[in-house]
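First up is the structure itself, then whatever we jot down about it.
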Amino acid sequence: MLKFSNIFSIKNDRSNEYSRKVITIFGIKIAFKGYKKKYKINRNKKKKLLNIQKLKNELILINNDSASKHKILHYSSYGVKCGIATFCDYLLEGLVENNLKYNAILPFNKEYLEDKELIYNYLNKFIEYSKSFDTIFIQHEYAFWNVCNYDTKSKIDKFLFLNNFGMNQKQYGLSLFDYLVEKLLKLDKSIKIVWHTDFEKVLASYKSLKYSELPFFRFLDNPKLKVVVLNSKMLSTLEKYNIPTNNVIFITHPIDNKIAPVIHIKNDNKIILGSFGFLFGVKGVVKILDTLQLLPENFEYIHIGGPHSSQNSDILEYYMGEISKRNLEKRAKITGFVDDDKLKDYFSLIDLGLYLIDGDHIYGSGSITHFLQNEIPTLTTKGANFVDLSKKYDCIELINCPFEPKYIAEEIQSLINNKERLKQLKENCAKIRQENSYKNFIKVLMNINEDV
């Protein structure tokens, strides 16, 4: 069994390294992010490689029970370290639990987005396969539809993107999505879309258009199309832009409940704080480190996870530097990616889960469900997903103080000392495990779509 004192001997995950090129324009140095060093190949070679991958990228039957009359095809990443792929895996299990046992997937490679010919070849291939299926499940998340090598946080990259594609990242992804959905609707297919992030990001760039002129959103009045959103804020966003919501349904993020929650290990007099997921800024790791500095020495912190494959070379070094800068090497740890067995060991150490990000964001519901699944009391800021989960199940504690380390530290200590509240949160996590499972998520979708 893993002890917290042992995790500091584990090497950090440094596998996600990218090359960088620096050029000087009018005396200004500009750094360009390149491909991973070990995959550093020129554009023509890469295109040839992707064409080969495209030819090999055939339909995978996940299960094909001949007794199942209803056939379902999935559009998602598959078999990779990706939140969308994980969600899809759980979704497939929920379908089987509801006796929908004929499922297939055409695995999506995000790198296809970098070349128009490749992406349209893939979409057309998916559309062709769809002719043999009854229902199409599609996962939508902006990072999943973005071109890999453009970072729109940089003005120079925004210019390059607009110059190459004539639109911004979100608009380009939405135009591809519009193409796919239009073709599927013409085949008279029932389409289920799980929209994992906010509509506002892309709708704000189409202010001058009516909903009937908006790519993809123009189809929301089609009864064959059902869109699932994971928080109520997304419904409000559609209403704000006068987009019909009669085919949109809000369901709180489901939780995998087939694996038993971990057995908590008491670490002497230590209090272990934890966060989980890819090392994006929205995980609030730096804010947690600032807060940890103000907590007693027996409070320690572990972040379970590593860099996303789309992140640059500096991300892990950045966070390790933030730990060193605060002299927290003996109290804070980033694990990198770990296998399932180790994952349970780490979760068994955590006394309190944390998700600290400023603002009313909708991100992180997939990450936080791992704490709920393992019945770990969790303290979060008031993101839209978290507010909805709290209102319905009272399974997480929402921060009610100013978003400053001093006040957050006080709130953490107050919650840790409130044994009755911790017990209640744990019990409510057990409740949400049963009521908000992927099996029940699918049951709701079956009620939406009467032809299943």
Problem set entry | Residues that are outside any helix (DSSP H, G or I), out of contact with any Ser or Thr (no Cβ under 8 Å at 6 or more places or on another chain) and farther than 21 Å from SER77 by Cα, drawn from segment 166-204 | GLY166, ASP188
Exercise. Tell me, which residue of segment 182-228 that is touching a residue at least 40 places away in the same chain (Cβ under 8 Å) and among the basic types (Lys, Arg) is nearest to ILE138 (Cα to Cα)?
Worked result: LYS192
Problem set entry | Any chance GLU375 is more than 24 Å from ASP290 (Cα to Cα) and out of contact with any helix residue (DSSP H, G or I) (no Cβ under 7 Å at 6 or more places or on another chain) | no
For this session: For segment 387-411, enumerate the residues that are touching a helix residue (DSSP H, G or I) at 6+ places or on another chain (Cβ under 7 Å) and not in a loop (DSSP other than H, G, I, E, B).
Result: ASP388, TYR393, GLU397, LEU398, PRO405, ILE408, ALA409
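What about CYS429, is it in contact with a strand residue (DSSP E or B) (Cβ under 9 Å, 6 or more places away or on another chain) and part of a helix (DSSP H, G or I)?
Criteria met by CYS429.
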Problem set entry | Candidate set: segment 386-409, residues that are out of contact with any Asp or Glu (no Cβ under 8 Å at 6 or more places or on another chain) and closer than 14 Å to ASP290 by Cβ; chosen: the one surrounded by the most Cβ atoms within 10 Å (Cβ to Cβ) | ILE408
Problem set entry | Single residue of ASP314, ASP341, ASP351, ASP358 found to be at pLDDT 95 or above and charged (D, E, K, R) | ASP351
Exercise. Going by the structure shown, is ILE136 over 24 Å from LYS81 (Cβ atoms), in a helix (DSSP H, G or I) and in contact with a helix residue (DSSP H, G or I) (Cβ under 9 Å, 6 or more places away or on another chain)?
Worked result: no
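Each row is one residue, and each column tells you yes or no for (1) buried (at least 19 other Cβ atoms within 10 Å of the Cβ); (2) closer than 25 Å to GLY321 by Cβ; (3) in contact (Cβ under 8 Å) with a residue 60 or more places away in the chain.
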site: ILE255; (1), (2), (3): yes, no, yes
site: ALA260; (1), (2), (3): no, no, no
site: SER275; (1), (2), (3): yes, yes, yes
site: LYS283; (1), (2), (3): yes, yes, yes
site: GLN293; (1), (2), (3): no, yes, yes
site: TYR301; (1), (2), (3): yes, yes, no
site: GLY306; (1), (2), (3): yes, yes, yes
Seminar exercise, completed: Among (1) part of a strand (DSSP E or B); (2) over 30 Å from LEU180 (Cα atoms), ILE288 falls short only on (1)
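Here are SER9, SER19: which of them is loosely packed, with under 12 Cβ neighbours inside 10 Å and at pLDDT below 50?
Selected residue: SER9, the only one of SER9, SER19 that is loosely packed, with under 12 Cβ neighbours inside 10 Å and at pLDDT below 50.
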Exercise. From the set of residues in segment 77-87 that are over 11 Å from the mean Cα position of the chain (by Cα) and on the phi < 0 side of the Ramachandran plot, which is surrounded by the fewest Cβ atoms within 10 Å (Cβ to Cβ)?
Worked result: VAL80
Exercise. Since ILE288 meets every condition but one in (1) among the hydrophobic types (A, V, I, L, M, F, W, C); (2) touching a strand residue (DSSP E or B) at 6+ places or on another chain (Cβ under 8 Å); (3) surrounded by fewer than 21 Cβ atoms within 10 Å (Cβ to Cβ), which condition does it not meet?
Worked result: (3)
Seminar exercise, completed: Taking segment 64-114 and keeping only residues that are of a type in the set (Val, Ile, Thr) and assigned to a helix (DSSP H, G or I), one is left with ILE84, THR86, VAL96
Problem set entry | Looking only at segment 194-215, and only at residues there that are out of contact with any Asp or Glu (no Cβ under 6 Å at 6 or more places or on another chain) and hydroxyl-bearing (Ser, Thr, Tyr), the one that is modelled with the lowest pLDDT | SER208
Seminar exercise, completed: Scanning segment 212-228 for residues that are in a helix (DSSP H, G or I) and under 27 Å from the mean Cα position of the chain (by Cα), the one farthest from LYS240 (Cα to Cα) turns out to be PHE219
Exercise. Quick check, is PHE250 touching a His at 6+ places or on another chain (Cβ under 6 Å) and among the hydrophobic types (A, V, I, L, M, F, W, C)?
Worked result: no
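The values are calculated or read from the model by the stated rules, or taken from the named source; none is laboratory data. Computed from a prediction, not measured in an experiment: that's the story for all the values here. Counting neighbours? That spans all protein chains shown, and the Cβs are built from the backbone with ideal geometry, glycine included.
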